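Working notes for the structure below.
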Amino acid sequence: MTDCCAVIHGCTVTAQNFLAHARVLGESFLRHNPGAAFSALVVDDPPGAPEHPQAPFELLAPSDIGIDREELHARGAMYSTQGLAGSMKPDLLLALLARGADAVLLLDADGRVYSELDNLGELAKTHLVVLSPHILDPHPLWVNDSPEQIIMRAGVMNAGLVAVGAGAEPFLAWWSQRTRRRCVFDEQSALALGQTWLTMAVSLFEHHVLRDRGCNVAGWNLHGRDVEWVDEEPMIDGGPLRHFHFAGGFDPQCPSELTSMVGNRMWWASLRERPGAQRLARDYAQSLISHGYRELRGRRSYYEFAPDGSRLEPWMRSAYRGELMRSELGECARPPNPFTDGAQPFFQWLRETAAESAGLLESQEGPRSATTGLGNFDERELADALFDRSELLGRIGELEAIRDESIAWAQRVSTELEQARERLISADAREDELSRLRATMQSVWESPSWRLTRPLRAFKELVRRPGGQANG
């Protein structure tokens, strides 16, 4: 490279169970961008964690980018692994710029590079901030909720590709301040992890909107086009495919679908109609598996469970986050943290908070057992049962597992239903098959697992109501 060219530093944020993805991304980036560097931040990597597979790039811990133990434990308690990773994206970019990089390119770990990306370094050096929109072509309008409306709620810009140059520090500091405590999915608060903030960034900071049709190609913008293979190289829209983003829960053990999320399949491009993209997905799936996907996916995040082995449920994280934000405003004491202070003080605080919330609702509106969906359960008794340390969290884990298994069953049946429509020719045979599948799905919703988890779901709803949880 000449002196006029910006040397790009690629990076990603990942977790222990996503290291196969990070390795495929990092290796592909370095292969197509010789002379560049690449770093992967592993957000859930405490002392004593399993050893990482060897990687030809730099692995960083949160402490390497300025996140101290207290702050890491706070984020670990309030965020799922996905939120934890999203909250550190601007921090990683800031740290790499501070080390003297001309330009830094952040890519989500679930992607792969297929051609050079040095042009993004030049754009970042010139414009300071480069943002990638979800779509470059309009989607058709539907009667009700159209794809474009879904995208607007998720954020016009995609946080899976962001490039910055020296001078972008004010933008990154602004973004970091917002993801520090607000990296959650909360549609009413216009939050989709750290992504929706980028929609606001376009009016606050100098930037460049990336319109390269070969970058950040994904299921949400593949409508009306397909990957083409020319001399064994992937092309799209007459130019090179530079980067494909396999977001949406791509399952390498089922590479015939770009996403494992049934809701996405309603509007994402179908691989059955795109042989070029289907080949790309199969190749990517094989790479993930050869890089240890099956072994690594079994690793649990250090912050998924409290130190005593109890699972941290979403409502627990939400309650902690709300109280922590209030404490940082001086409105209350800082809540105990399960990783810093231990599991017992944390769960005792939660128990007292839940009991207080139930009592407040009772005093304001009278007994709510008949109206909250709790049936014959009294809120105080349910709170006590849920927070009995000898029975509580193990039972929650069992019920959550039953629920997840039921959801997965229903999703498999839904896929089977769609395949049956395509497979059956005879109208009579089709009706018989569909009737059988509908009956199977109905059995899911009527199964004991859903009845068993009903009190748990009702209790989670209870603590989210005014008096039970603060909005952040």
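For every other residue with a beta carbon closer than 15 angstrom to the beta carbon of A285, add +1 if it is Lys or Arg and -1 if Asp or Glu, then tell me the sum.
+2
Classify segment 59-146 as rounded, prolate or oblate from the Cα gyration tensor: take a ≥ b ≥ c as the square roots of its eigenvalues, call it rounded if a/c is under 1.5, otherwise prolate when a/b beats b/c and oblate if not.
Cα axes put segment 59-146 in the oblate bin.
Would you work out the Kirkwood radius for segment 122-163? I mean one over the mean of 1/r across all pairs of different Cα atoms, in Å.
11.8
Compute from the Cα atoms of segment 209-337 the Rg and the Dmax, the latter being the longest Cα-Cα distance, and quote both in angstrom.
Here Rg and the maximum Cα pair distance are 20.8, 64 Å.
At what distance in nm do the modelled label points of D145 and A61 sit from each other, each positioned 7 Å from its Cα along Cα→Cβ?
About 4.2 nm, to one decimal.
Net charge near V227, counting Lys/Arg +1 and Asp/Glu -1 over other residues with Cβ under 9 Å of its Cβ?
So the surrounding residues net to +1.
Give me the distance between the Cα centres of segment 88-124 and segment 205-278, rounded to whole Å.
Result: 20 Å between the Cα centres.
Stretched out fully, how many nm does the piece from D308 to A333 gain, at 0.36 nm a residue minus the Cα gap?
Length difference between fully extended and current span is 6.6 nm.
Between D68 and D283, what is the label-point separation in nm under the 7 Å Cα-to-beta-carbon projection?
4.8
Using a 1.4 Å probe and counting only protein heavy atoms, arrange V130, V184, V202 so the residue with the most accessible area comes first.
Putting V130, V184, V202 in descending order of accessible area: V202, V184, V130.
As an exercise, take the mean of 1/r over every pair of distinct alpha carbons in segment 144-219, invert it, and state the Kirkwood radius in angstroms.
Final number for the Kirkwood radius of segment 144-219 is 13.6 Å.
Decide, for segment 94-230, between rounded, prolate and oblate: order the square roots of the alpha carbon gyration tensor eigenvalues as a ≥ b ≥ c, take rounded if a/c falls under 1.5, and otherwise choose prolate if a/b is larger than b/c, else oblate.
oblate
Give the Rg (one decimal place) followed by the Dmax (whole number) of segment 94-141, computed from C-alpha coordinates and expressed in Å.
For segment 94-141, the Cα radius of gyration and maximum Cα-Cα distance read 13.8, 46 Å.
What ranking do 257-264, 24-31 get when scored by the average of other Cβ atoms within 10 Å per residue, highest first?
Final packing ranking: 24-31, 257-264.
Where the Cα atoms of segment 252-316 are projected onto their three principal axes, how long is each span, largest first, in whole Å?
Extents along the principal axes, in whole Å: 49, 30, 11.
The values are calculated or read from the model by the stated rules, or taken from the named source; none is laboratory data. As the structure is a computational prediction, the values presented were derived from the model and not from experiment. Neighbour counts run over all protein chains shown; Cβ positions are idealised from the backbone, glycine included. The protein model used for the area step is the full one, side chains on, heavy atoms only, and it has no ligands, DNA or RNA in it. Shrake-Rupley method; radii C 1.70, N 1.55, O 1.52, S 1.80 Å.
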